[in-house]
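These notes are about the structure you will find just below.
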Amino acid sequence: FESTVPGELGDPSVRAAEVPEPGAVTLVVPTFNESGNVRELLRRITDSVPARLPCEVVFVDDSTDDTPQVIAEAAQDCPFPVSVLHRAEPAGGLGGAVVEGLRAATSDWVVVMDGDLQHPPSLVPELVATGERTGAELVVASRYIAGGSRAGLAGGYRVAVSRGATWLAKSLFPRALRGISDPMSGFFAVRRGAVAAEVLQPLGYKILLELAVRCRPRRVAEVPFVFQDRFAGESKSTAREGLRFLRHLAGLRTASPLARMTGFGLIGASGFLPNLLGLYVLTGLGLHYVPAEILANQLGVAWNFLLVEQLLFRDRRRHRRWWDRAGRFALLANADLVLRIPLIALFVGRLGMGALSATALALVVTFVLRFAGTEALVYLP
Ligand code: GDD
Ligand code: MN
């Protein structure tokens with residue numbers, strides 16, 4: 001048994017003696033307070049994996065309980081190497097932990113699985129064998145193909161959420177998720193060579209989604225599995241994790257500048273809603289429509305700012321304080337309005353355009369300028 005800190009684990013001099021043979025598998029198991037599960041997990045892995053496949057197990061642990069100690073004890077009975085990477089700083093949550101494990105893995109194949117026995121270890125050899133047989137770089141254990149089921153997803157509410165999340169992800173990434181019926185699964189095998197850990201930016205639970213979208217494995221296969229009940233303890237997922245998932249989706253979807261600009265446009269369009277609502281309320285209160293519109297417009301700007309911050313530039317907020325960003329953002333938004341009229345006049349007067357096409361062009365120009373300005377003046381250092 002070895003307990004290591006990040007960095008040591010990847011050091012070949014430490015690990016050379018234990019590097020598994022070709023075709024072997026590294027099981028990466030993220031754990032957060034799973035002391036009641038890890039012993040049974042290692043027992044079931046022992047029962048079903050080493051006889052068919054050389055293996056090692058890497059736990060990536062963010063626990064505040066005695067999970068690492070329980071693993072250390074249980075590891076003494078295991079006929080394969082077991083290590084625990086305890087993270088001092090649990091960045092990226094579950095997904096961040098898995099990426100840390102992918103970095104530390106030494107085998108040709110990596111299988112990612114939960115530590116609470118909802119993912120049956122007996123399926124591990126079949127996941128790898130399917131990859132070897134089909135030449136796939138990624139093999140997903142799916143609840144949504146014939147022979148699979150989500151028995152362990154307690155309650156209609158969780159089933160509905162899981163269904164909705166799957167649908168949303170598949171509609172946002174039709175190409176990257178082609179052939180993956182269960183992109184929310186946390187149980188999969190991947191060839192280590194297909195993983196470029198440095199491009200991954202994990203955020204929360206959906207590490208398979210992250211991997212499929214950013215690494216684009218060349219061929220994908222699926223194996224059905226029955227999502228079991230938890231062995232002990234409770235799920236670590238919370239409502240906050242749901243919000244994190246939406247941010248994760250937005251981050252993945254807006255990785256390119258063009259996609260980011262589209263997102264910026266959609267958020268801008270959604271700003272009409274609070275704008276109109278504000279106008280309705282303020283004029284209802286007896287305010288003249290001109291000041292009412294000016295105020296209501298600021299409401300739209302605030303709405304846009306919040307969404308842009310949360311969904312588009314979340315990772316680029318550190319360069320300025322929030323009130324500095326808000327001020328610059330509002331300035332750009334209002335400059336947009338002020339710039340539009342002279343621009344239309346210019347297009348009509350100088351270029352001889354019709355009023356309608358001049359307005360359309362001015363809208364496009366100010367939009368692109370505002371987007372570029374927001375990138376450069378609000379979110380760059
Ligand atoms: N290191 C680390 N850090 N591990 C974590 C963290 C974290 O912040 N959060 C959770 N884990 C570990 C848990 O200890 C467990 O071993 C595994 O990740 C899954 O966590 P659960 O809390 O049991 O997740 P779940 O059962 O609600 O969700 C599972 O099923 C979903 C499908 O319905 C996960 O596999 C999801 O990825 C999957 O989408
Ligand atoms: Mn679970």
- Calculate for the chain the 222 nm mean residue ellipticity that helices alone would give, adding -39,500 (n - 2.57) per DSSP H run of length 4 or more and normalising by residue count, nearest 500 deg cm²/dmol. -15500 deg cm²/dmol
- Over all alpha-carbon pairs in the range 195-351, figure out the percentage whose distance exceeds 27 Å. 47
- Would you give the gap between the C-alpha center of the range 223-242 and the C-alpha center of the range 328-381, rounded to a whole Å? 49
- Query: How far, in degrees from 0 to 90, does helix 322-349 lean away from the longest principal axis of the Cα atoms of the chain, to the nearest 10?
  - Reply: 50
- Expressed in Å to one decimal, the Kirkwood Rh of the chain from all distinct alpha-carbon pairs is 23.5
- What fraction of the DSSP beta bridges in the chain is antiparallel, stated in percent and rounded to the nearest 5? 20
- Message: Can you tell me the orientation of helix 124-134 relative to the chain, as the angle in degrees between its alpha-carbon axis and the longest Cα principal axis, to the nearest 10?
- Response: 70
- Query: Under a plain spin-label model, where a point goes 7 Å from the Cα along Cα-to-Cβ, how far apart in nm are residue 331 and residue 294?
  - Reply: 1.9
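Would you calculate the volume per residue, in Å³, of the smallest convex hull containing every Cα atom of the range 89-230?
111
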- Within the set of other residues whose C-beta is less than 14 Å from the C-beta of residue 344, count the net charge using Lys and Arg as +1 and Asp and Glu as -1. +1
- Using a 10 Å cut-off on Cβ atoms, rank the peptides 355-368, 177-190 from the highest mean neighbour count down. 177-190, 355-368
- How many angstrom lie between the C-alpha centres of the range 34-75 and the range 258-315? 51
- Message: Starting from 0.36 nm per residue, how many nanometres of slack lie between residue 285 and residue 219 once their C-alpha separation is accounted for?
- Response: 17.7 nm
- Message: Quick check: the angle from helix 355-373's long axis to the longest principal axis of the chain, C-alpha only, nearest 10 degrees?
- Response: 50
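What ranking do 86-97, 68-79 get when scored by the average of other Cβ atoms within 10 Å per residue, highest first?
Numbers: 86-97: 18.5, 68-79: 16.2.
Ranking, from highest mean packing down: 86-97, 68-79.
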- Work out how much length residue 269 to residue 146 would gain on full extension: take 0.36 nm times their residue separation and subtract the Cα-Cα distance, in nm to one decimal. 40.1 nm
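Readers should treat all values here as calculations from the given coordinates under stated rules, not as data from a laboratory. Quick caveat, the model's predicted, so the values are computed rather than measured. A quick note on method: Cβ atoms are made from the backbone with ideal geometry, for glycine too, and the neighbour counts reach across all protein chains shown.
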